[in-house]
Structures are given as structure tokens and as C-alpha cells.
1. Output the 0 to 90 degree angle, nearest 10, between the alpha-carbon long axis of helix 26-35 and the longest principal axis computed from the alpha carbons of the chain.
2. Is the C-alpha gyration tensor of segment 175-272 telling us rounded, prolate or oblate? Criteria: a/c under 1.5 is rounded; beyond that, a/b larger than b/c is prolate, otherwise oblate.
3. If you line up the long axis of helix 50-61 against the longest principal axis of the chain, both from Cα atoms, how many degrees apart are they, to the nearest 10?
4. Once the principal axes of the Cα atoms of the chain are found, what is the range along each, listed largest first in whole angstroms?
5. Tell me the relative contact order for the chain as a rounded percent, counting alpha carbon contacts under 8 Å between residues six or more apart.
6. Can you give the angle from 0 to 90° between the axis of helix 117-127 and the longest principal axis of the chain, with both taken from C-alpha atoms, to the nearest 10?
7. Indicate the gyration tensor shape class of segment 67-152 (rounded, prolate or oblate), computed on the Cα atoms with a ≥ b ≥ c the square roots of the eigenvalues: a/c under 1.5 is rounded; otherwise a/b larger than b/c is prolate and the rest oblate.
8. Over 19 Å apart: what share of the alpha carbon pairs of segment 26-177 falls there, rounded to a whole percent?
Ligand SMILES: Nc1ncnc2c1ncn2[C@@H]1O[C@H](COP(=O)(O)OP(=O)(O)OP(=O)(O)O)[C@@H](O)[C@H]1O
Ligand SMILES: [Mg+2]
């Protein structure tokens, strides 16, 4: 049974929400998952809009957002909390996951595959119908309220055999695959974020298509929407496009002199 959750009235757009241009039905899916208390997994390459999407949806649903950038030293205690020494006394201090559970917010674990194994032990009971967070050190068993949602993301491109999500973890999440938006949408995002004209943004997206075609052969990752926004921002600020492209699309993509020369040539051919 689905209980309706009091969220603020949701018109289609609100200038206070972080800007997010939907590509498909991801906003509807997020909202459905939230209302039905299902955890969500977002996978996709770097800089394609995953974090922005979560920030947008949290604002749209009127829920507080707790974001944790996972890394290989991140332990369960970093998420749940720990006893801290304060003025000669030890006091329990909630971690971001516990705070999100207590207040009915959204907890977003970015690059979840990087986290240590004990983290999955903590999130498992929260991601099935128990929606439970056991806090061993305080002896509490927190039941997640309806407003709580767990969202995790990772980049399958960086996947290492040892750093993959176990099936028992990944099969606990409704999953959406993200990719770079289709050209017209990506140009719209670039224009909105940088203020550069639609026509010049379309030319940058066209270049991105050519650079992305090199992925797998010469480059590990295709140029991200994030880098294209950097490029558009520098151009809008008055920098010539070939120079902006050098700083934002060549240098960040590769350290290899031959590959960089090939990228520069591609850029020159596109804009000459
Ligand atoms: N659909 C979109 N609508 C609005 N902005 C977008 C969209 N897609 C990408 N962006 C822009 O691209 C930038 C990078 O996106 P974001 O930080 O969300 O990437 P990410 O997928 O979380 O990357 P990473 O895996 O590196 O954390 C955002 O700051 C935003 O400006
Ligand atoms: Mg991100």
C-alpha cells in the first residue's frame, strides 16, 4: 500500500530548483520510486547529469538532501555516525545516512562502488521492505519514515572487477542508465548553463560527437557534458573557441602527446 507523502505542491518548474533538463521519463520514475519507497541506482559516465538530477528531484519533492562522495576509506561508521569526544564527554554524532533516515530526507551515495564492503551491510536492510537502519553502537533500530529515500550512483566505465556491486546489492535498486543527452537537448543544456548562443552550443555538441567517437580507441571516457559547459562558458566570456577547447576538451581528456595532437586536429577541422 502506498501512503501519500506530504510534499510541497509540485508545478512543472520552479526557478529555485537546481536546473535539470529531463532527457526521458527519469523525473517521473524518480517520483514514483520515491512515493513507493523504492531505492534508486543511477549509472552513467562522468559529467552526464546524475548529481544535478538528484539535486533537482530533492528540491522538486521538497526533501532535504544528504550527499556522500564515497571513496575506498569510507566505512559504515562514516555513514551511520560515531561517538565523539566533546568537552570531556563522549557524545553520539549522527552520520549523513542516519540524519537522512531520522528526518525523512534523501541520502545520495555517489560512486557507491568505491565504498568499503561494510557499507553494503548497512544499506541492505534499508533497501528492502524492512527499511531499517540498525545502529549497533547506540542500540537503536531506526525505521525509515516515508520521506526517506536512498539513491546511489556509479560510473560503469571505471568498474574494476574487484569493485563491482554484488548482485545481492544491485538487485535491491530500481536502476536508470544515464548517458550524454541527445544533441539537441545537450545544446539546450549548454546554452542554459553558459549563456552561449544556441547555434554555437550546437557546434560544440557536434564536436563532442566526434570526440566521443574516439572513446575506446584512444580515450577511456568520452568528453562530458560538464567539460562542454566549461568550454561554452569560456567562449561566452570572450575566449576564442580553439583556445577554450584546448583548455577544456584536450588537456582534461588525455596526457598522451599523440592523442592530444589528434584531438587538436579534430577541433581545428571542426571550426575552420
Ligand atoms: N540534463 C541536464 N540538465 C541540466 N544540466 C545538466 C544536465 N546534464 C548535465 N548537466 C550539467 O552537467 C554538469 C555535470 O553534471 P553532474 O555533475 O550532474 O554529472 P555526474 O553525472 O554527477 O558526474 P560524476 O559521475 O562525475 O559525478 C552539471 O553541473 C550541469 O551543469
Ligand atoms: Mg556526480
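1. 0 degrees
2. It is oblate, given that a/c is not under 1.5 and a/b is not larger than b/c.
3. Value to nearest ten degrees: 50.
4. Projected onto the principal axes, the Cα atoms of the chain cover 67, 42, 42 Å.
5. Reported as a whole number, the value is 19 percent.
6. 70 degrees
7. Judged from the Cα gyration tensor, segment 67-152 comes out oblate (a/c at least 1.5, b/c at or above a/b).
8. Across segment 26-177, Cα pairs with separations above 19 Å total 51 percent.
Taken together, the values in this text are just the output of simple stated rules run on the coordinates, not laboratory data. Model, not experiment: these values are computed from the prediction. As a convention, Cβ positions derive from the backbone with ideal geometry for all residues, glycine included, and neighbour counts pool all protein chains shown.
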